[in-house]
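Heads up: the structure comes next, in structure tokens.
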Amino acid sequence: MLKVEGLRKSYGAVPVIEDVSFSIPEGQCYALLGPSGCGKTTTLRCVAGLETAGAGRIEMSGQVVYDHAKGINVPIYERPIGMVFQSYAIWPHMNVFQNVAFPLKVDRKAPKKAEIEERTFAALRLVDMEAYAMRPATALSGGQQQRVALARAIIRNPALLLLDEPLSNLDARLRDTMRKELSELIRRVGVTALFVTHDQAEAFTLSQKMAVMHRGRLLQEGDPSELYRNPVEPFVATFLGAANILPGRVVSQDRIALPGDQILRKTSEVAEGGEVIVILRPETMRISQESSPKAAGLRGTLEYSSFQGSSIEYTVRIAPDVRLRVVTNSSREYAQGEPVVVEFDPESARVFPKDGHPPK
């Protein structure tokens, strides 16, 4: 449905996006995830037509809307999109009904008044805001404003829904609720969606496929679980969730020396003597008093524990300046200063060359 190929954009001599390519099948929700300044919003704005790329090609539903080489650049009002801005852009001088109906009223082929009313109330019903149709925009909560913005974005039945950090203006508790609501709404409407976010939980909840961007480049794309479990670069691993990062050195084909004169038995294609980075997820580890013969184990001293209801978070020092964060649901609690073993499946450890190339 959406194809982006070789997209580039610079502001002066500063590249913002470099050779970005991805595609979204019809009906799928796709997330561009990355830190501020990585180029994700600029990519979205190029797709929308709010920015003009310096190179590349964009196709929507079989229609080429941008092709730098052929000089094609379809204006935003002729692209089959609906858009939800980060600020929601709700007009304060209008009520809810007027805000949602506005795209139909200003359309060059505006429907008749009765049809505008029918479609506006239908859009409001989809987002559970029909009862608030006559409420002033200034009397809406953050969550209600977001629903109004969504209703306005879908009222023209767009082929593609674009969302720019759609939940970032909500408080943490409301964000959790709205993630589920937004996911259900997109599924109900059946619209293809592209959204950008820096929030991994948002991307995991909403998208069937996602891509991590960094410094203008798309580093890795795939389904959320694949990116989380099998990152191809240290940045992807550390951006998607908490991670312990350990320096290491390959001492043989299947042995890696770690801090504290400890050994991880794991095969690596890095040459003997080569320096590596070992990344371990806190939730893949557990605390015990003795090593299990089937698990890798790093000995250390428990420095800190924090009870968090369904889990306990531990900090374990395995070398003078190296500590591990371990999150476990074990009912056994360990005391500060107690010697412990941090166990994990060696297959859960991700090993990268120190220069950050894909792991082996």
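Run the paramagnetic zone check for Asn329: 7 angstrom along Cα to Cβ, then residues of region 251-283 with backbone nitrogen under 19 Å. Answer for this model: 281-283. Between the residues Gly273, Ser310, Leu163, the greatest Cα displacement towards the positive end of the dipole of the chain, with unit charges on the Cβ of Lys, Arg, Asp and Glu, is found for Leu163. Taking the DSSP bridge list for the chain and keeping only pairs wholly inside it, about 80 percent are antiparallel. What is the diffusion coefficient of region 25-184 in µm²/s, taking the Kirkwood radius over Cα pairs and the Stokes-Einstein relation at 10 °C with a viscosity of 1.306 mPa s? In µm²/s, the coefficient is 94.
Against the chain, whose longest principal axis is taken from its Cα atoms, helix 172-189 shows a tilt of about 60°.
Is the shape of region 175-217 rounded, prolate or oblate, going by the alpha carbon gyration tensor and its root eigenvalues a ≥ b ≥ c, with a/c under 1.5 for rounded and a/b larger than b/c for prolate?
On the way: a/c = 2.92, a/b = 1.59, b/c = 1.84.
In terms of gyration-tensor shape, oblate.
Here the relative contact order of the chain, from alpha carbon pairs under 8 Å that lie six or more residues apart, stands at 15 percent. To the nearest whole percent, what portion of all C-alpha pairs in region 1-77 is separated by more than 22 angstrom? Everything past 22 Å amounts to 17 percent.
Considering only Ala257, Ala211, Phe235, the residue lying farthest towards the positive end of the dipole of region 197-287 is Ala257, judged by Cα position with unit charges set on Cβ.
Using a/c under 1.5 as the rounded threshold, could you call region 1-40 rounded, prolate or oblate? The axes a ≥ b ≥ c are square roots of the C-alpha gyration tensor eigenvalues, and prolate needs a/b larger than b/c, oblate otherwise. Mind showing how you got there, number by number?
Values: a/c = 4.09, a/b = 1.74, b/c = 2.35.
Oblate, because a/c is 1.5 or more while a/b does not exceed b/c.
Take the Cα of Ala319, step 7 Å toward its Cβ, do the same at Leu50, and the gap between the two points is 4.6 nm. The slack between Ser23 and Thr267, meaning 0.36 nm per residue of separation minus the straight C-alpha distance, is 84.4 nm. For region 99-165, a crude dipole built from +1 on the beta carbon of Lys and Arg and -1 on the beta carbon of Asp and Glu, taken about the Cα centre, is about 300 debye to the nearest 20.
Put simply, when 203-209, 102-108 are sorted by average Cβ atoms within 10 angstrom per residue, most first, you get 203-209, 102-108. Taking all Cα-Cα distances within the chain, those exceeding 30 Å account for 50%.
How much net charge surrounds Ala237 when only the other residues with a Cβ under 9 Å from the Cβ of Ala237 are counted, with Lys and Arg +1 and Asp and Glu -1? Walk me through the intermediate numbers first.
On the way: positive: Arg281, Arg350; negative: Glu233.
My count for the surroundings of Ala237 gives +1.
Which of the trypsin sites (Lys or Arg not before Pro) found in region 114-206 are in a DSSP loop and have at most 16 neighbouring Cβ atoms, other than their own, within 10 Å?
Values: sites: Arg119, Arg125, Arg147, Arg152, Arg156, Arg173, Arg175, Arg179, Lys180, Arg187, Arg188; in loops: Arg156.
Those satisfying the criteria are Arg156.
Placing unit charges on the Cβ atoms only, positive for Lys and Arg and negative for Asp and Glu, gives region 245-360 a dipole magnitude near 100 debye about its Cα centre. Among 157-168, 298-309, the peptide with the highest mean count of other Cβ atoms within 10 Å heads the list, and the full ranking is 157-168, 298-309.
The figure for Glu181 is an accessible area of roughly 70 square angstrom, using a 1.4 Å probe on the protein chains alone.
Under the classification rounded if a/c is under 1.5, otherwise prolate if a/b is larger than b/c and oblate if not, where does region 93-194 fall, given a ≥ b ≥ c as square roots of the Cα gyration tensor eigenvalues? Display every interim value, and only then the final one.
Numbers: a/c = 1.97, a/b = 1.33, b/c = 1.48.
Judged from the Cα gyration tensor, region 93-194 comes out oblate (a/c at least 1.5, b/c at or above a/b).
Mind giving me the FRET efficiency for Glu184 and Tyr11? R0 is 30 Å, r the Cβ-Cβ distance, nearest 0.05 is fine.
Values: r = 38 Å, r/R0 = 1.25.
With a Förster radius of 30 Å, E is 0.20.
For a label point 7 angstrom out from the Cα of Phe85 toward its Cβ, which stretches of region 32-63 have the backbone nitrogen within less than 18 Å? Residues 41-52 fall inside that zone. Near Ile72, the amide H atoms lying under 5 Å from its own belong to Asp67; only residues 5 or more places off or on other chains count, and H is placed 1.01 Å from N. Rg and Dmax of region 162-262, based on Cα coordinates, read 17.7, 57 Å.
The values are calculated or read from the model by the stated rules, or taken from the named source; none is laboratory data. Quick caveat: nothing in here was measured; it's all calculated off a predicted structure. All Cβ positions, glycine included, derive from the backbone under ideal geometry; neighbour counts span all protein chains shown. Ligands, DNA and RNA are stripped out before the accessible areas are found, and what is left, the full protein with its side chains, is counted by its heavy atoms. Shrake-Rupley method; radii C 1.70, N 1.55, O 1.52, S 1.80 Å.
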